[in-house]
Amino acid sequence: MPAGTRTPLSRERIVDAAIALADDKGVEGLTMRALGRALGVEAMSLYHHVPNRDDVLDGVVDRIYAEFYAPVVGGDWKDELRRRSHSARAVIRRHPWVIPLMNARSTPGLSTLAHLDAVIGVLRSAGFSLPMTAHAFALVDAHLYGFLAQEVSLPISPGQGVQEIADGIAETTDMAEHFPHLAELVAGHALQPGYDFGDEFEYGLELVLEGLERDLRTDEGGQ
């Protein structure tokens, strides 16, 4: 492309810019005017490619779903769901602002639909009945998104933050005297070398999968 030639505007380019803008400013900063500035065009130019902001958000969510690992129908269902959950967590941690949007769009895109279909297919091919498939999908996603919502909002990171919070509490009260159970957990676990709250994700996921495996055995013969 000759020097000085602008890349043509397209819906794909708009979605790319929207994700970058939200990564920088949060979803509340993702306005059509700000998006136009990021692309070097007037906001009105965007409407030749997208009808409104909702369509941009639909495209953003669909692009995020496209980054998730798509579980393989017919594969070991626990391995496939485990890999999918870890992949989704890694993607969303790069774009934490998207959590409230993931299941809130009323016009899902093709990548979203393909991903949902793959997860359902994995469960059905493993022998889950339709009701159990719905239960399993809801439970796996409740763990995924619930944990992520907590993880990305915590004021701590591996090796950082816990001591500062504990010190702040100690300035106002004697934690060991007034909150002995909390003090025990903080001192005996959270402040120990190598502590990472993120490790709780794996523990919870395995509990979910083990519980579903148990229920699958009792659900045999379902439709």
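The values are calculated or read from the model by the stated rules, or taken from the named source; none is laboratory data. This one's a predicted model, so the numbers in the text were calculated from it and none came from an experiment. Counting neighbours? That spans all protein chains shown, and the Cβs are built from the backbone with ideal geometry, glycine included.
Against the list (1) surrounded by fewer than 17 Cβ atoms within 10 Å (Cβ to Cβ); (2) under 29 Å from Gly29 (Cβ atoms), the condition Ala114 fails is (2). Pairing each residue of the stretch 66-85 that is assigned by TED's automatic domain parsing to the domain that holds His115 and farther than 14 Å from Asp141 by Cβ with any residue that is part of a helix (DSSP H, G or I) and polar (S, T, N, Q), provided the two are 6+ apart or on different chains, yields C-beta distances under 6 Å for Ala66/Ser111; Tyr69/Ser87; Val73/Ser125; Gly74/Ser125. Across the stretch 99-106, not a single residue is classified as within 30 Å of Gly204 (Cα to Cα) and outside the structural domain of Phe201 (by TED's automatic domain parsing). Set side by side, the residues Ser125, Ser85, Ser111 differ, and just one is within 15 Å of the chain's Cα centre (by Cα) and among the hydroxyl-bearing types (Ser, Thr, Tyr), which is Ser85. The single condition from (1) modelled with pLDDT of 90 or more; (2) under 30 Å from Val56 (Cα atoms) that Leu123 fails is (2). The single condition among (1) within 27 Å of Gly204 (Cβ to Cβ); (2) surrounded by 13 or more Cβ atoms within 10 Å (Cβ to Cβ); (3) in contact (Cβ under 8 Å) with a residue 40 or more places away in the chain; (4) of a type in the set (Lys, Arg) that Arg11 does not satisfy is (1). One residue stands out in the stretch 63-86 among those that are touching a His at 6+ places or on another chain (Cβ under 9 Å), of a type outside the set (Gly, Ala, Ser) and outside any helix (DSSP H, G or I): the one that is surrounded by the fewest Cβ atoms within 10 Å (Cβ to Cβ), namely Tyr69. Reported count of residues in the stretch 159-209, each being assigned to a helix (DSSP H, G or I) and either out of contact with any helix residue (DSSP H, G or I) (no Cβ under 6 Å at 6 or more places or on another chain) or not assigned by TED's automatic domain parsing to the domain that holds Arg82 (or both), is 30. One residue stands out in the stretch 166-200 among those that are at pLDDT below 85 and acidic (Asp, Glu): the one that is surrounded by the fewest Cβ atoms within 10 Å (Cβ to Cβ), namely Glu171. For the stretch 32-62, filtered to residues that are in a loop (DSSP other than H, G, I, E, B) and surrounded by 14 or more Cβ atoms within 10 Å (Cβ to Cβ), the residue that is nearest to the chain's Cα centre (by Cα) is Val50. Note on the stretch 45-79: residues that are farther than 29 Å from Leu116 by Cβ and touching a Gly at 6+ places or on another chain (Cβ under 8 Å) amount to 1.
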